[in-house]
Amino acid sequence: MKKPSAKIRDEIAKLQEQLKLAETREAERIGRIALKAGLGDFEIDEAELQAAFDQLSRRFRGGQGGATGGKKGAGDGSGATSTATVASGPNAGGTGEA
């Protein structure tokens, strides 16, 4: 039995709201972590910062090897490269909280 289009639209609207809430939660979590790591203090171009985050994402997805955790899988395929370096390790400028 087929659903009426009005019911499908209602379901889509509910799912879009759920997606919006999930994205907000994820953004707040990542933002808090970035601030704790001191990223709020850098004067860096947004495109450069995006490229560094893309590189970090590929690292934890297994795209560049040496991943220490996170989900394994294919990279995002964006092909973005960066001249920015992402510090890692105990002296990466963070507070030790993550």
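None of the figures in this text is laboratory data; all of them are computed from the coordinates on show. A quick note: this is a predicted structure, and the numbers were derived from the prediction, not measured. All Cβ positions, even for glycine, are placed from backbone atoms using ideal geometry, and neighbour counts span all protein chains on display.
Backbone phi angles across the range 16-24, fed through the Karplus curve with coefficients 6.51, -1.76 and 1.60 (θ = phi - 60°), yield HN-Hα couplings of 5, 5, 4, 4, 4, 5, 5, 5, 5 Hz in residue order; Gly and Pro are listed as x.
Using the Cβ-Cβ distance between Arg29 and Arg9 with R0 set to 22 Å, the FRET efficiency works out to roughly 0.10. A simple packing score, the average count of other Cβ atoms within 10 Å per residue, orders the peptides 11-22, 50-61, 31-42 as 50-61, 31-42, 11-22, with the highest score first.
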